[in-house]
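Nothing in this text is a laboratory measurement; each read-out follows from the coordinates by a stated rule. None of these values were measured; they are calculated from a predicted model. We place every Cβ from the backbone using ideal geometry, glycine too, and count neighbours over all the protein chains shown.
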Amino acid sequence: EELLHDSLFSEVSSLYPPFHKPAGLFSSSPRCANLTLPEDISQLCKDEDNDYLAERSVEEVYYLWCLAGGDLEKELVNKEIIRSKPPVCTLPNFLLEDGESFGQGRDRSSLLDDTTVTLSLCQLRNRLKDVGGEAFYPLLEDDQPALPHSNSSNELSAAATLPLIIRERDTEYQLNRIVLFDRLLKAYPYKKNQIWKEARIDIPPLLRGITWAALLGVEGSIEAKYDAIDKDTPIPTDRQIEVDIPRCHQYDELLSSPEGHAKFRRVLKAWVVSHPNLVYWQGLDSLCAPFLYLNFNNEALAYACMSAFIPKYLYNFFLKDNSHVIQEYLTVFSQMIAFHDPELSNHLNEIGFIPDLYAIPWFLTMFTHVFPLHKIFHLWDTLLLGNSSFPFCIGVAILQQLRDRLLANGFNECILLFSDLPEIDIERCVRESINLFRWTPKSATYRQYAQPPRQPADSSSIRSSLSCLSADYQEAPRSDLSRDSIKLDDLKAEVSPRISAEDLIDLCELTGPSHSKTPIKKTKPSKPKLLVVDIRNSEDFNRGHISGSINVPFASAFTAEGDLIQCPATATLQSFKGRVVVIVGNAVKNTAAFAAHLVKNKYPRVCILDGGINKIKPTGLLTVPSPQI
């Protein structure tokens, strides 16, 4: 560019218009800076040929061309650009000791070949001939469904109900999703809410990298930040990174290429150098792989996504001494297993098969160490929509898929089963984990070492209108009714999770459903969502209790064998088996023991009220039974 300004090139410089770097997704320069509009605006709307496909970018058209049955290798073989050579002809005539060979012509693939092959779009145009022009220009402000009203719209709404794998290979469906996401992403961050909403349906694979960046809230001048990091000076971690990269997702052609290794090295070094308080743990390479694969030609974005992902889902997991963080995480995970599947939890505890033996690589790498990339993409599409406690639900969903084999086996067989994990149906895993997440009270997964709440100035207006699926319990304002942190040893001693008083009030709808935050629409008041079991003695219970609760005094609730003693209150408890049961009392020891007994009796969804009845007393929500006359 500078040379062209020289007088020597004055004759040719006029032929080269100045190059303007197109504005990227996260660039701060306005996209309309060099936009010139004609005097007569109607000139813009002259669509003689109506060739909407020609207005899409080359990447999109090539992606759709491949979906419509295009095969690049076949085209190149037909044009004789790729020629196969019999192996015997590739042997050299003469070899030196050091491996230098002679007598072989240079291979064609290593020589410059400037032949241009034009790919025919006939097949693609034929596939899209029924797609109306509206599909290329979706209206974003409309409350109408986003599907265009053409003769293909019925097929599209039918396609939306098909399994994800089929939708991702459907040319017409992908065209609609790509055009829609492309428009929404160009309006990021203003359209952040709508990106979230659409991502809950599915994410088009072509735009997955940028969509993930938007879901993670990446912003600012990511290129400049990445370029400013020193990725060349040798550091002690280099040795470990060099060892790990050749073992990370090497079945993939991109990641196993020399260029892939070099990019891996730079992104990982950038992360290590820019986070001096954290260290490189084995598994960080697996965590980087999905971001690098999706943003292979944009290392800065891969680095930015990774830097936004780790604090959200793996806060302080990469500390030099991370044992307290991991121990708390695994303890909460085992409480989640007991909460959702007490029978499995009892069996695993009996044989001594604790989460420490199998779940650390799951959570430390967010499952990238145990699943291949194509499964990770579908798993993370949902993970990024959930909050930092969503991984617990994924973990429980994986265990439930292996449930029958785990229940039938002892310790050694379980270890063998997890050392080579069987095929997991990822679609089912995602479905079940969403269901488990909906059943889990927000505060049940509270962790004191989770990411502290961000400053309220940080895009709170955008986040406030998002669903509760993505809001973290930690980010809610603290009050006297919130959960208190307890010592790790005390947490480990409890089988069932604790829930906060505000969650209990919310779920019991004691104050009415006016401030409900749940995304599920309220149905008519049928059976209540949960049962409160008060285990204090009957005198205390009659002095004041939570309305709707039943009284099962701890002292006389269980037989010596640990079975429930039959009485009207325990009959009510049995009728609620399968719904959330909250144990309330005065002494923490008793409530924890009572909950443990219920779990032994295979009661699912049992939890303890944090702080006991004393937390509820100041709220004025306790009722006194009417006197018996």
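Given a Förster distance of 41 angstrom, what is the FRET efficiency for residue 233 paired with residue 373, based on the Cβ-Cβ distance and rounded to 0.05?
0.85
Say each of residue 51 and residue 614 gets a label point 7 Å from the Cα, pointing the same way as Cα to Cβ; how far apart are those two points in nm?
7.8
For the stretch 322-440, what is the charge dipole size about the Cα centre, in debye to the nearest 20, if Lys and Arg each add +1 at the Cβ and Asp and Glu each add -1 at the Cβ?
260
Helix check for the chain. Which DSSP H runs span at least 30 Å along their own axis by Cα, with a mean Kyte-Doolittle hydropathy no less than 1.0?
none
So how far apart, in nm, are the two label points at residue 351 and residue 35 if each is 7 Å from Cα heading toward Cβ?
6.3
If one computes P(r) from the Cα atoms of the stretch 322-440, what percent of pairs lie at distances over 20 Å?
Roughly 38 percent, rounded to a whole number.
What is the dipole size for the chain, taken about its Cα centre, with +1 at each Lys and Arg Cβ and -1 at each Asp and Glu Cβ, in debye to the nearest 20? Could you put the intermediate results ahead of the total?
On the way: 64 positive and 80 negative charges, 572 e Å.
In debye, rounded to 20, the chain gives about 2740.
For the stretch 544-629, what mean projected area does the convex hull of the alpha carbons give, in nm²?
With every direction weighted equally, the projected area is 6.4 nm².
Using only alpha-carbon positions, what ratio does the radius of gyration of the chain give when scaled by 2.2 N^0.38 Å? Spell out each step's value before the answer.
Values: Rg = 30.0 Å, N = 629, 2.2 N^0.38 = 25.5 Å.
Here the answer is 1.18, to two decimals.
Can you compute the FRET efficiency between residue 435 and residue 405 using 1/(1 + (r/R0)^6), with r the Cβ-Cβ distance and R0 = 25 Å? Round to the nearest 0.05. Display every interim value, and only then the final one.
Numbers: r = 21 Å, r/R0 = 0.85.
Given R0 = 25 Å and the Cβ-Cβ separation, E is 0.70.
Reachable aspartates and glutamates from residue 191, Cα under 17 Å, same-chain residues fewer than 8 places away excluded?
Cross-link targets: 141, 142, 143, 182, 202, 219, 458.
Per DSSP H run of n ≥ 4, the term is -39500 (n - 2.57); total these for the chain, divide by its residue number, and report the mean residue ellipticity at 222 nm rounded to 500 deg cm²/dmol.
On the way: 30 runs with 264 residues, N = 629.
That comes out to -11500 deg cm²/dmol.
Write out the GluC sites (Glu not before Pro) in the stretch 32-138 meeting two conditions: DSSP loop, and at most 14 other Cβ atoms within 10 Å of their Cβ.
39, 48, 80, 97, 100
Can you tell me which aspartates and glutamates have their Cα less than 17 Å from the Cα of residue 600? Leave out same-chain residues fewer than eight positions away.
Cross-link targets: 341, 343, 350, 494, 561, 563.
Give me the distance in nm between label points sitting 7 Å out from Cα along the Cα-to-Cβ direction at residue 261 and residue 490, one decimal.
My value for the distance between the label points is 5.3 nm.
At 0.36 nm per residue, and after removing the present C-alpha to C-alpha distance, how many nm does the segment from residue 78 to residue 11 gain when stretched out fully?
19.9 nm
What FRET efficiency do you get for residue 343 and residue 540 if R0 is 45 Å and r is their Cβ-Cβ distance, rounded to the nearest 0.05?
Rounded to the nearest 0.05, the efficiency is 0.85.
Tell me, in nm to one decimal, what length is gained between residue 164 and residue 93 on full extension, where the rule is 0.36 nm per residue of separation less the Cα-Cα distance?
20.2 nm
Within the chain, what's the longest stretch lacking chymotrypsin sites (Phe, Trp or Tyr not before Pro) that sit in DSSP loops with no more than 14 other Cβ atoms inside 10 Å? Mind dumping the intermediate values first?
Working: sites that count: 19, 190, 251.
Excluding the exposed sites themselves, the longest stretch runs over 252-629.
Divide, for the stretch 222-314, the radius of gyration over alpha carbons by 2.2 N^0.38 Å, where N is the residue count. Please list the in-between numbers first.
Details: Rg = 12.1 Å, N = 93, 2.2 N^0.38 = 12.3 Å.
Here the answer is 0.98, to two decimals.
Please compute the length gained on full extension between residue 109 and residue 428, using 0.36 nm multiplied by the number of residues separating them and subtracting their Cα-Cα distance.
This chain segment gains 110.5 nm when fully extended.
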